[in-house]
Amino acid sequence: MTYVPPLEEHRFVLNHVADLEAVSKLNGYQHADPATVATILEEAGRFFAEVMAPLNRVGDSQGSTLGDDGQVRTPTGFAEAYRKFVESGWPGAHLPAEWGGGGLPYLVGVVIQEMFKTANMAFSLCGMLTQGTVEAIQHHGSDELKELYLEKLVSGEWTGTMNLTESHAGSDVGALRTKAVKQDDGSYRIFGTKIFITWGDHDIAGNVIHMVLARTEDAPPGTRGISMFLVPKYILDAKGGPGERNDFKIVSLEHKLGIHASPTCVISFGDAGEGAVGYLVGDEMEGMRNMFTMMNAARIGVGMEGLAMAEGAYQHAVAYARERVQGRPVGASAKESVAIIEHPDVRRMLLTIRANAEAMRCLLYVAAQSGDLMFHAESEAERERHSKRLAVLTPIVKAWMTEVGVEMSSLGLQVFGGMGYVEETGAAQYYRDARIAPIYEGTNGIQAMDLVLRKLPVDGGSVVEELIEEMADVLDRMNDHTDLGGLRDELTTAIQGLADTSSWLGEKLSSDEIDDALAAATPYLTQFGTVLGGWLMAKAAVAAKQSPGEHSEDFLKQKVNTARFYCEHLLPRANGLIATIKAGNTLLDEADL
Ligand SMILES: Cc1cc2nc3c(=O)[nH]c(=O)nc-3n(C[C@H](O)[C@H](O)[C@H](O)COP(=O)(O)OP(=O)(O)OC[C@H]3O[C@@H](n4cnc5c(N)ncnc54)[C@H](O)[C@@H]3O)c2cc1C
């Protein structure tokens with residue numbers, strides 16, 4: 001399986017939809033000017049295309065395995081590729097320079113992650129969770145934990161995981177029972193069984209650092225009683241290196257629909273009876289709040305998987321469609337069959353995938369820019385504005401993008417016809433790999449509830465209102481460009497539709513008709529994501545019309561065409577959801593299921 005990083009597209013979105021130039025002027029990011037970033041991304045693209053993409057099929061067909069010795073083994077070539085990944089410095093590219101990272105903006109970090117995910121999604125999960133572990137320790141760990149663990153995690157010498165789920169505690173994390181018993185020396189002993197732990201063990205790095213949620217003795221029930229612990233596979237020796245094996249065991253690996261190379265572990269902590277040695281991260285009972293530092297970053301990372309699988313599916317489908325000869329054009333006098341890419345319905349499928357991938361990329365980069373501004377903007381007010389903006393965007397990035405990712409990888413498979421359904425072409429792998437993303441990191445249903453119950457009401461709804469007003473701004477900028485077809489009209493209608501359902505939901509929440517709001521949550525999130533995509537594609541079209549010199553005329557023409565296709569062919573579906581959103585809960589409630 002090959003991967004060609006769409007570098008020109010990355011540059012265009014970074015510079016003309018997001019604002020890399022402005023980000024590079026923020027304190028601490030001055031080294032990340034657009035020209036330097038372009039060179040870095042070229043290097044990264046080469047690395048992921050040459051080193052990680054060729055292992056995608058190998059990983060899928062071999063999968064990771066658990067030996068009788070209790071050791072997890074990754075597929076052929078993974079350990080060697082990981083060594084190169086670490087040597088080249090990519091694991092910590094956007095992590096703090098203070099701990100040995102590259103100190104690049106998050107906005108650049110997401111482009112690097114996007115490349116890794118498209119080249120090899122199963123492998124990329126290891127890096128994503130390690131970055132989350134770094135963020136959790138950096139924001140909540142003691143100075144001692146930072147000293148002992150951060151450099152090794154930032155460099156990728158060690159990797160990290162996130163341990164929330166137990167068999168009876170999935171979406172309801174508050175039901176977890178893993179126990180933490182305090183010791184005289186201030187450490188804890190952890191007892192309990194976690195399931196579904198991604199990259200919970202492997203043979204590619206020297207230590208695995210688990211971030212485990214557990215309950216201290218006498219902790220209250222529910223999420224209030226949860227604390228976070230750092231539990232290393234190897235307890236550190238006096239020199240800070242991996243020493244004695246900690247008391248936990250990998251009980252089994254899950255057999256999954258996709259991401260076969262990613263070892264999904266059942267872990268029994270305290271298996272030998274002593275309890276696994278763990279160290280408190282943050283204060284007791286603050287575990288859930290602190291875990292959100294990790295979860296919010298991971299939600300953006302998982303949303304990115306929707307884009308990655310759509311991009312990968314597109315690249316493969318378009319290459320196949322150019323070669324597969326089948327059928328003559330209807331009504332044409334030619335007797336010769338043509339490549340399927342000539343047929344309007346195949347072109348519809350391909351352009352639908354491309355337009356959705358471009359819209360998702362725009363949304364991802366704009367969200368990442370808020371991720372930089374919430375920490376680095378000059379004024380407190382701006383930092384707060386972007387923190388709230390990102391809070392609203394996070395469930396949409398996670399759920400809308402992963403839902404679209406599944407649909408687009410399915411459409412990519414459809415382009416292959418029967419050859420998509422057999423494994424040789426690789427089209428099926430994108431579809432299988434994509435399918436986990438709407439499930440993990442908080443199911444998409446949970447994201448939709450988060451959007452409606454927690455994010456929509458922030459500041460009395462004004463964060464969402466402000467976002468919708470900003471969307472409408474782009475319409476003014478279209479005044480100079482009358483040749484954008486129906487784009488402007490469709491976008492105007494879609495933005496009005498979103499304003500309408502947002503205030504309808506606001507009324508439902510304030511009149512305590514919560515079940516109606518909950519029944520509407522998922523279609524509302526889909527509407528929101530679709531309209532955000534339209535807004536940003538329109539922004540891209542306006543920028544392309546202004547002919548930024550560094551891009552070819554052909555590239556810019558295609559940008560406008562794809563943006564128009566998104567807004568004229570796909571965006572009208574957003575308003576089609578209004579009736580569904582407002583249909584309420586009555587029929588759901590009365591159904592005999
Ligand atoms: C391959 C894989 C990797 C994973 N990696 C990790 C990992 O690294 N670390 C980790 O801790 N976990 C991990 N998970 C666990 C994952 O996050 C959970 O599977 C997910 O949160 C859903 O929990 P559940 O499977 O128990 O489903 P359930 O919570 O049982 O949900 C079942 C269905 O009910 C819905 N539902 C549940 N509660 C509600 C509610 N209150 N309101 C409305 N709908 C609801 C859900 O949306 C879903 O559709 C992984 C899972 C998989 C499959």
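If you plug the beta carbon distance of residue 482 and residue 443 into 1/(1 + (r/R0)^6) with R0 = 35 Å, you get a FRET efficiency near 0.20.
Model label points for residue 146 and residue 333, set 7 angstrom from Cα along the Cα-to-Cβ axis, are 7.8 nm apart. For the pair residue 272 and residue 98, a Förster radius of 41 Å applied to the C-beta separation gives a FRET efficiency near 0.65, rounded to the nearest 0.05.
With contributions of -39500 (n - 2.57) from each DSSP H run of at least four residues, the per-residue ellipticity at 222 nm computed over the chain stands at -17000 deg cm²/dmol. With θ taken as phi - 60° and the Karplus curve 6.51 cos²θ - 1.76 cosθ + 1.60 applied, the whole-hertz 3J(HN,Hα) list for segment 96-102 is x, 4, 3, 10, x, x, x Hz, x standing for glycine and proline. Averaging 1/r over every pair of different alpha carbons in the chain and inverting the result gives a Kirkwood radius of 24.9 Å. Residues whose amide H comes within less than 5 Å of that of residue 198, counting only those at least five positions distant or on another chain, are 162, 265 (H built at 1.01 Å from N in the peptide plane). Taken about its Cα centre, the chain carries a charge dipole of roughly 1220 debye when the Cβ of each Lys and Arg holds +1 and the Cβ of each Asp and Glu holds -1. Available extension along the chain between residue 419 and residue 218 is 66.6 nm, counting 0.36 nm per residue and deducting the alpha carbon span.
In segment 483-519, what GluC sites (Glu not before Pro) fall in a loop by DSSP, with at most 16 other Cβ atoms inside 10 Å?
Hits after loop and neighbour filter: 513.
Taking the charge dipole of segment 266-392 about its Cα centre, with +1 at Lys and Arg Cβ atoms and -1 at Asp and Glu Cβ atoms, the residue from 278, 295, 368 reaching farthest to the positive side is 368. Note on residue 239: lysines with a C-alpha under 18 Å away, same-chain residues under 8 apart excluded, are 146, 152.
Shown here for segment 240-346: trypsin sites (Lys or Arg not before Pro) in loop regions (DSSP other than H, G, I, E, B) with at most 11 other Cβ atoms within 10 Å, namely 335. Distances between placed amide hydrogens fall under 5 Å for residue 252 paired with 266, all partners being 5 or more residues away or on another chain.
Before anything else, pin down the relative contact order of the chain: Cα pairs under 8 Å, at least 6 apart, normalised by residue count, whole percent.
13 percent
For residue 345 and residue 573, the difference between the fully extended length at 0.36 nm per residue and the C-alpha to C-alpha distance is 80.2 nm.
Counted over all Cα-Cα pairs of segment 495-557, pairs farther apart than 15 Å make up 62 percent. Computed from Cα atoms, the angle from the helix 487-510 axis to the main principal axis of the chain rounds to 40 degrees.
Using DSSP to call loops (not H, G, I, E or B), can you name the GluC sites (Glu not before Pro) in segment 299-354 whose Cβ has at most 12 other Cβ atoms within 10 angstrom? Filter output for segment 299-354: 336.
Modelled spin labels at residue 172 and residue 42, positioned 7 Å past Cα toward Cβ, are 5.6 nm from each other. When DSSP beta bridges are restricted to pairs lying wholly in the chain, around 80% turn out antiparallel.
For residue 559, a cut-off of 22 angstrom between C-alpha atoms picks up these lysines, skipping any fewer than 8 places away in its own chain: 539, 545.
Counting charges near residue 130 (Lys, Arg +1; Asp, Glu -1) among other residues having Cβ under 11 Å from its Cβ returns a value of -1. When segment 313-458 is described by a simple charge dipole with +1 on each Lys and Arg Cβ and -1 on each Asp and Glu Cβ, the residue from 445, 346, 429 located farthest towards its positive end is 346. Note that segment 390-483 shows a convex hull volume over its alpha carbon atoms of 126 Å³ per residue. On the beta carbon distance between residue 585 and residue 283, with R0 = 25 Å, the FRET formula returns roughly 0.05. Were the residues from residue 27 through residue 83 laid out at 0.36 nm apart, the gain over their Cα-Cα distance would be 16.9 nm. Label zone (residue 383, point 7 Å along Cα-to-C-beta; backbone nitrogen cut-off 15 Å) within segment 3-29: 26-29. Within the straight-line cut-off of under 15 Å between alpha carbons, the aspartates and glutamates reachable from residue 84 are 43, 50, 157, 203, sequence neighbours fewer than 8 places apart in one chain being disregarded.
Readers should treat all values here as calculations from the given coordinates under stated rules, not as data from a laboratory. These numbers were taken from a predicted model, which means no experiment stands behind them. Here the Cβ is made from the backbone with ideal geometry for all residues, glycine too, and neighbour counts use every protein chain on show.
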